[in-house]
Ligand code: 5AD
């Protein structure tokens, strides 16, 4: 009765929320299983950013509802952004839902499941759908549970919730609510606990991380609250690498640029959403920066860290995007040279200003533009990866690769994936790896030294020669 399968759609924030829900459920005595066929309860943690993501979750729920025919006690829940976005209207489409939980109520999931389980055990009538979509003060502080049995070399840490921007295409301000931040102390404590459990890399998560603490925490020595936070995390012993996602170009100021010079753990990769290379479209998107300003940030970062890696988000086919606008995006995309990008075809989100705009772009045009950018991206990514052949890179070993016996997977500081042969005991080590080969997405390397600089963990472990 207590086996839960939790499926996550969408972004890293959703993944992190799901991890926290899983940890809370385990603590409450539920077991988390790896497949829906083994489960008594399936919870879908959903995404609302594009229609496709919503349709997938709706289709999945409809499919799962069939399980109820054989097992009336089977429980289905929808959590997160789509629950918040669509609300009880979802019940018209999905009458078999048992649970609908919004983005500020993840921490209530164990209580709600207990309640549902109790009434099923009591053999009462199948309870009505339990709906919990309210806002809750302080809910940003509730996403901190991790599963202590599951050691994560690289972990996400949620530093804030919500978004106060009003990009005209985006549903997130509706699904995630107003911006709320956790305290620096609280976040550092979580990072310390992670470090103690073996985590070596943290990725700080927020909708717009560089607006972290803007209203609550004063600037100090010209440094924004976000930079103060990274400085504090940089002090945590055992943590070797820091990343964050996503910043907004608007608040990407000198203090953050200099953090890359001053904080050795801050990795030389930044995910900086561009959305469009046309100033006209940026304006229509209500993104308050220009391509010139974006270029300036990239140049300033490269001046400090010449081999900086960049990734981005782009939307193609925003309403009113002409061939000329797209050419500007294409040319700018090529000029900056992103190593990684999420390229989205614009998706109409009911309730957002862009949904009402004229000149919606036909699907086929969006598809073509998507392909053009994907090709530029593949060329650039391959070239940048190939340039590393013959060099020695610091790789954080995360664990066994998905494919291949004795093969490990890790990442460079620039966030490029590396596979190499070695002993699984190397998980958590920063190893020196000589790059031998490269594809668009992956580097293949050979371990040359089991410690790159100082070893991050368990210095007492001796790695056998065959692993090297
Ligand atoms: N259509 C397509 N992509 C979108 N994104 C947000 N809203 C939409 C939409 N309506 C993309 C943006 C954002 C990323 C998380 O999702 O590029 O940065």
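The values are calculated or read from the model by the stated rules, or taken from the named source; none is laboratory data. On a predicted model such as this, the values are computed, not experimentally measured, just so you know. Ideal geometry is used to build each Cβ from the backbone, glycine not excepted, and the neighbour counts take in all protein chains shown.
Restricting attention to the stretch 71-108, the residues that are part of a helix (DSSP H, G or I), at pLDDT 95 or above and in contact with a helix residue (DSSP H, G or I) (Cβ under 9 Å, 6 or more places away or on another chain) total 9.
Taking the condition within 30 Å of residue 427 (Cα to Cα), outside the structural domain of residue 52 (by TED's automatic domain parsing) and out of contact with any strand residue (DSSP E or B) (no Cβ under 6 Å at 6 or more places or on another chain), does residue 145 pass? It is true that residue 145 is within 30 Å of residue 427 (Cα to Cα), outside the structural domain of residue 52 (by TED's automatic domain parsing) and out of contact with any strand residue (DSSP E or B) (no Cβ under 6 Å at 6 or more places or on another chain).
In summary, strands (runs of 3 or more DSSP E) completely within the stretch 111-208 and bearing 1 or more residues that are touching a helix residue (DSSP H, G or I) at 6+ places or on another chain (Cβ under 8 Å) and within 16 Å of the ligand (Cβ to nearest atom) occur at 154-158, 201-205.
One line per residue, one yes/no per condition, for (1) touching a helix residue (DSSP H, G or I) at 6+ places or on another chain (Cβ under 9 Å); (2) without any contact (Cβ under 8 Å) to a residue 60 or more places away in the chain; (3) within 16 Å of the ligand (Cβ to nearest atom):
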{"position": "356", "(1), (2), (3)": "no, yes, yes"}
{"position": "359", "(1), (2), (3)": "no, yes, yes"}
{"position": "377", "(1), (2), (3)": "yes, yes, yes"}
{"position": "381", "(1), (2), (3)": "no, no, no"}
{"position": "389", "(1), (2), (3)": "no, yes, no"}
{"position": "402", "(1), (2), (3)": "no, yes, no"}
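Restricting the stretch 46-59 to residues that are without any contact (Cβ under 8 Å) to a residue 40 or more places away in the chain and either buried (at least 19 other Cβ atoms within 10 Å of the Cβ) or outside the structural domain of residue 108 (by TED's automatic domain parsing) (or both) leaves a set whose member that is farthest from the ligand (Cβ to nearest atom) is 46. Within the stretch 60-70, one or more residues are at pLDDT 95 or above, within 25 Å of the chain's Cα centre (by Cα) and under 18 Å from residue 101 (Cα atoms). The residue list 201, 235, 240 contains one member that is surrounded by fewer than 19 Cβ atoms within 10 Å (Cβ to Cβ) and farther than 30 Å from residue 291 by Cβ, which is 235.
Within the set 301, 282, the sole residue that is part of a helix (DSSP H, G or I), buried (at least 17 other Cβ atoms within 10 Å of the Cβ) and touching a residue at least 12 places away in the same chain (Cβ under 8 Å) turns out to be 301.
Mind listing whichever residues of the stretch 112-138 are touching a strand residue (DSSP E or B) at 6+ places or on another chain (Cβ under 9 Å) and closer than 18 Å to residue 3 by Cα? 112, 113, 115, 116, 117, 120 - these are the residues of the stretch 112-138 that are touching a strand residue (DSSP E or B) at 6+ places or on another chain (Cβ under 9 Å) and closer than 18 Å to residue 3 by Cα.
Consider residue 175 against the criteria (1) out of contact with any strand residue (DSSP E or B) (no Cβ under 7 Å at 6 or more places or on another chain); (2) more than 21 Å from residue 249 (Cβ to Cβ); (3) surrounded by fewer than 17 Cβ atoms within 10 Å (Cβ to Cβ): it satisfies all of them except one. Which criterion is unmet? The failed condition is (3). A count restricted to the stretch 420-466 and to residues that are over 20 Å from residue 405 (Cα atoms) and modelled with pLDDT under 50 stands at 9. In the stretch 117-141, the residues that are within 30 Å of residue 71 (Cα to Cα) never reach a residue that is modelled with pLDDT under 85 and part of a helix (DSSP H, G or I) with C-beta atoms less than 8 angstrom apart, at least six apart or across chains.
When you go through 165, 160 one by one, which is the residue that is surrounded by 22 or more Cβ atoms within 10 Å (Cβ to Cβ), farther than 30 Å from residue 92 by Cα, touching a residue at least 12 places away in the same chain (Cβ under 8 Å) and outside the structural domain of residue 76 (by TED's automatic domain parsing)?
160
Screening the stretch 215-232 for residues that are over 14 Å from residue 188 (Cα atoms) and surrounded by 17 or more Cβ atoms within 10 Å (Cβ to Cβ) and picking the one that is farthest from the ligand (Cβ to nearest atom) gives 223.
Cβ-Cβ below 7 Å, separation at least six or inter-chain, first residue in the stretch 337-348 and touching a residue at least 40 places away in the same chain (Cβ under 8 Å), second part of a loop (DSSP other than H, G, I, E, B) and within 7 Å of the ligand (Cβ to nearest atom): which pairs? Close Cβ pairs satisfying both conditions: 344/50; 346/169; 347/50.
Condition first: more than 13 Å from the ligand (Cβ to nearest atom) and not in a helix (DSSP H, G or I). Now tell me which residues in the stretch 361-375 satisfy that.
Looking only at the stretch 361-375, we keep the residues that are more than 13 Å from the ligand (Cβ to nearest atom), and these are 362, 364-365, 367-368, 371-372, 374-375.
Selection gives 362 alone.
How many residues does the stretch 304-322 hold that are touching a helix residue (DSSP H, G or I) at 6+ places or on another chain (Cβ under 9 Å), away from the ligand (no atom under 13 Å from the Cβ) and either part of a loop (DSSP other than H, G, I, E, B) or under 22 Å from residue 284 (Cβ atoms) (or both)? Residues in the stretch 304-322 being touching a helix residue (DSSP H, G or I) at 6+ places or on another chain (Cβ under 9 Å), away from the ligand (no atom under 13 Å from the Cβ) and either part of a loop (DSSP other than H, G, I, E, B) or under 22 Å from residue 284 (Cβ atoms) (or both): 4 in total.
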